[in-house]
Amino acid sequence: MKNIVILISGRGSNMEAVVRAAQEQRWPARIAAVISNRADASGLAFAAAQGIATAVVANKDYATRAEFDAALQTVIDGFQPDLVVLAGFMRILTAPFVEHYAGRMLNIHPSLLPLFPGLDTHGQALAAGVSEHGATVHFVTAELDHGPMVLQASVPVLSDDTVASLSARVLSQEHVIYPQAIRWFVEDRLTVAQGAVQVDHSKT
């Protein structure tokens, strides 16, 4: 039984999708905790209602990113995580923090990486005039939005799309592929070799 710790900064809709999938599909894992850098993150209430432990490590209480990351790491490690899941966690993490969780921290990014890393991905996609957009689940490395990719989903970009409409369509796909990728991890289906992820589909 693997322990999963989820980090959020706000509503945590991807966190909700992961929690529900874990419950409904009876993963060999438990959501050990949901942690936020913001005390007002509404996702904390959902997690608490599910009987999941919650914690707040407020970045505003620390003078530097390194001090915040050190405090956050201490709280995370108290839950003995096998996997750390970033679900709308709006912080750039320091290299020592990322290295501590190397191979056991996943993120979902709202673009088809390597296209459009960083912020405002939907605006970037519309400005670039691409015909497809989407989301990517990847392992986290020290280079922002660049870790080995686990799974992607694409949606068409429509002629009348706005940032809001495109974002909503991508988010619906995020809620599908993030739980899938995390389930693969907890079922030991994922291996990383030479910067590429391989999925073992032979396991049932």
remark   = Within the under-14-Å Cβ sphere about V98, not counting V98, Lys/Arg +1 and Asp/Glu -1 give a net charge of -1
key: Relative contact order %, the chain, counting alpha carbon pairs below 8 Å whose residues are six or more apart   = 19 percent
query = How many angstrom separate the Cα center of the range 97-150 from the Cα center of the range 1-18?
reply = 17 Å
key: the range 151-201 - Kirkwood radius from inverse mean 1/r over Cα pairs (Å)   = 12.8 Å
query = Which helices of the chain meet both criteria: a Cα extent of 20 Å or more along the helical axis and a mean Kyte-Doolittle score no lower than -0.5, with helices taken as whole DSSP H segments?
reply = 163-186
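Counting pairs of alpha carbon atoms under 8 Å apart in space and at least six apart in sequence, what relative contact order in percent does the range 109-204 give?
25 percent
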task = Ratio to report: Rg/Rh of the chain, with Cα atoms as the point set and Rh obtained by the Kirkwood method; give two decimals.
result = 0.95
key: Translational D in µm²/s for the range 9-105 (Stokes-Einstein at 4 °C, 1.567 mPa s, Kirkwood Rh from C-alpha pairs)   = 93 µm²/s
Mean projected area (nm²) of the alpha-carbon convex hull when the range 111-204 is viewed from all directions = 6.6 nm²
request  = Compute the separation of the alpha-carbon centres of the range 30-60 and the range 161-179 and state it in Å as a whole number.
outcome  = 23 Å
remark   = Per the rule of 0.36 nm per residue minus the C-alpha distance, extending T74 to V130 adds in nm 16.0 nm
task = Determine, for V84, V199, the number of other Cβ atoms within 10 Å of each Cβ, and report the residues in order from fewest to most.
result = V199, V84
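Using r as the Cβ-Cβ distance of V176 and A63, and R0 as 41 Å, what FRET efficiency do you calculate, to the nearest 0.05?
About 0.55, to the nearest 0.05.
Laboratory data are not the source of any read-out in this text; all were calculated from the coordinates shown. As the structure is a computational prediction, the values presented were derived from the model and not from experiment. All Cβ positions, glycine included, derive from the backbone under ideal geometry; neighbour counts span all protein chains shown.
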